[in-house]
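Read-outs: derived from the displayed coordinates by stated rules, not from any lab. In this text, all values refer to a predicted model and were calculated from it rather than measured experimentally. Neighbour counts run over all protein chains shown; Cβ positions are idealised from the backbone, glycine included.
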Amino acid sequence: MGSLHPVNLLKKILPLNSGKLERRAVSVGDRFKRSDATFSIWVVERISNVRVSRFPLVSLSREGHPSIKKTVSLHALVEDGSFHTAI
């Protein structure tokens, strides 16, 4: 009877675990830069799997300004072109 619960049905329909495979491409300490006009380097501090997000969430801190932080989905970091790997 539990498999007929609406949440369980959604889990079967939606590929909720698809982001877990991408996690290997990014690790703590990796550096990324924004693809827009501002030049800032962001360092990966933590990667978290959360139930409410289809993709893991990545916590970033700005290089040189560790008090400035942001959290983005792993998809936004590696797939949608907002960020690029910094050397």
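Points to keep in mind about this one:
- Each label point was placed 7 Å from the Cα along the Cα-to-Cβ direction; for Arg34 and Thr85 their separation is 2.3 nm.
- Descending semi-axes in Å of segment 17-85, equivalent ellipsoid built from Cα gyration tensor: 20, 13, 10
- One chain, two ends: Ile68 and Ser53. Fully extended at 0.36 nm per residue, the span grows by 3.1 nm beyond their Cα-Cα distance.
- Estimated vicinal HN-Hα couplings, Hz - segment 61-73 in sequence order (Karplus 6.51, -1.76, 1.60; Gly, Pro = x): 10, 7, 5, x, 9, x, 7, 8, 10, 8, 10, 10, 6
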